[in-house]
1. Go through region 266-276 residue by residue and turn each phi into a ³J(HN,Hα) via Karplus (6.51, -1.76, 1.60, θ = phi - 60°); whole Hz please, and just put x for glycine and proline.
2. Would you kindly state how much longer the chain becomes between ALA59 and GLU187 on full extension, computed as 0.36 nm times their sequence separation minus their alpha carbon distance, in nm to one decimal?
3. Using only C-alpha positions, report the orientation-averaged shadow area of the convex hull of region 96-227, nm², one decimal.
4. Nearest 0.05, what FRET efficiency do ALA75 and ALA122 give at R0 = 30 Å with Cβ-Cβ as r?
5. What is the distance, in nm, between label points placed 7 Å from the Cα along the Cα-to-Cβ direction at PHE39 and at SER68?
6. Keeping the other protein chains in place, figure out the carbon and sulfur percent of the accessible area of the chain, with a 1.4 Å probe.
7. Given R₀ = 56 Å, FRET efficiency for ALA52-ARG242 by Cβ-Cβ distance, to 0.05?
8. Highest first, please rank the peptides 260-270, 119-129 by the mean number of other Cβ atoms sitting within 10 Å of their residues.
Amino acid sequence: MRSDAIGALDPELSLLIDRLPKVELHVHLEGTLEPELAFRLALRNGIALPFASVEEMRAAYEFSDLQSFLNVYYAACAVLVAREDFRDLTRAYLARAHADGVRHVEPFFDPQTHTERGIPIADVIGGILDGLAEGEREYGITSGLILSFLRHLPVEAADAELAAAEPWLDRIVAVGLDSSEIGFPPEPFAGTFARARSLGLRTVAHAGEEADASLVARTIDALEVSRIDHGVRAADDPTVMRLLVEAGVTLTACPNSNVRLRVFPSMEGSTIRTLLDAGVAVTINSDDPAYFGGYIGDNYRGITAGLDLQAADLHRLAANAINGSFATAARKQELLAELALAIAG
Ligand code: HPA
Ligand code: ZN
C-alpha cells in the first residue's frame, strides 16, 4: 500500500519495519554515547563536561558538516576511561538495538581516540568484548567487532594500532577507516589493509560521504574492501554504481546522519532510491545515533517516508544487510528465514 503523501509513513509499513530482523553494519560505539551516560561516566571518573546539563549537551548537537560533528564526538570520548565504561557503553547500545529488532551488529570502535589519551587498548577492547558477550547472552544479538583507523592520523599510527591489537585479532572481524574524509585519501593505508587481510581480517572503509563518487572507486581499488561505509555519493556516477554491483560491494548508508551532516538537505534528497534502482547492495544504518537523533528503526522509518519506499524495497534493504554482513553462513540462513517470516506478516 502506498502512503498518502511523501513524508507520511504508512502504518502497515511502520509495522513491517518494527518486525524486520535488523542487521546493523555501520554504527560507531563512541557515537552511541547518549548525554545521560556521558554525565554518569563524567561523574564516576571526575571529568568535567563543557555542558551544564544533559539538555544543554543535546541542544549543542547542531552540525554544519562532518568535521563540526567529529570535533564534538572526539571531545565527548574523554568520559570513557575504564574498562567498565566501554562495557557500559556497549551494553547501553545493545539494549536500544534490541528494542529496535537488531539481531546482528558489526560495530566500529576507534582505538586511537582512546590510546592517544593514555587508555590501555586492553581496557578498550576488553570492555567492548565484555559488553558484546553480555548482550549476546541477554538478547541473542550476535556481533563482529570492527577496529577502525583514524584517517587524519599518520599511517604509521594505524600500523602501530594494528600491531597493538594482535592479542585480540581472533575476536575482531574486520578493520575500517573513518574520520575526516576530505584531504585524507585512502591510498596511504593500502599496506595496512593488505596486512590486515593477511592476518585473516575483512576490510571496510568510509568513502563517498562528503567526497565525490570517484573516492568510492579509488577506495575499492586501493583497499580492496568488502563494504563502503556511506558511499551514497556513488549515485552521482553510473560507472561507479556499476563497479559496486560488479564487485559485489555493499554500501552502508546512514540516512539520519546524511541529513544532520548536510550531505543531503532532507530525506527526500537521499540517493538511496537511485542506488536501489541501479542494483547496488545498499543497507540502512544509524552511524552515530546518540548525535543524529535516532537508532536504526528511526533511520528505516525516516527513509521509507522520505522516499516513499515500499515493502519490496524494505525486504531488499534488510536482505542486503544480512548478505553483506560477516556473519557465518549458518547465521545468515537463520536471519534470512526470519526475514521471510517478517515479510509474510
Ligand atoms: N564519518 C567519518 N568518521 C566518523 C563518522 C562518520 O560518519 N562517525 C564517526 N566517525
Ligand atoms: Zn560512520
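The values are calculated or read from the model by the stated rules, or taken from the named source; none is laboratory data. None of these values were measured; they are calculated from a predicted model. Neighbour counts run over all protein chains shown; Cβ positions are idealised from the backbone, glycine included. Accessible surface is based on the protein model in full, side chains and every heavy atom, while ligands, DNA and RNA are left aside. Shrake-Rupley method; radii C 1.70, N 1.55, O 1.52, S 1.80 Å.
1. 6, 4, 4, x, 5, 8, 4, 4, 4, 5, 4
2. On the way: separation 128, 0.36 × 128 = 46.08 nm, distance 3.76 nm.
So the chain would gain 42.3 nm between ALA59 and GLU187.
3. On the way: hull surface 33.7 nm².
Its average projected convex-hull area is 8.4 nm².
4. Here the calculated transfer efficiency is 0.80.
5. Roughly 2.5 nm, to one decimal.
6. Working: 6970 of 13000 Å².
Here carbon and sulfur together make up 54 percent of the probe-accessible area.
7. Details: r = 52 Å, r/R0 = 0.93.
Taking R0 as 56 Å, the efficiency between ALA52 and ARG242 is 0.60.
8. Working: 260-270: 16.7, 119-129: 19.4.
Final packing ranking: 119-129, 260-270.
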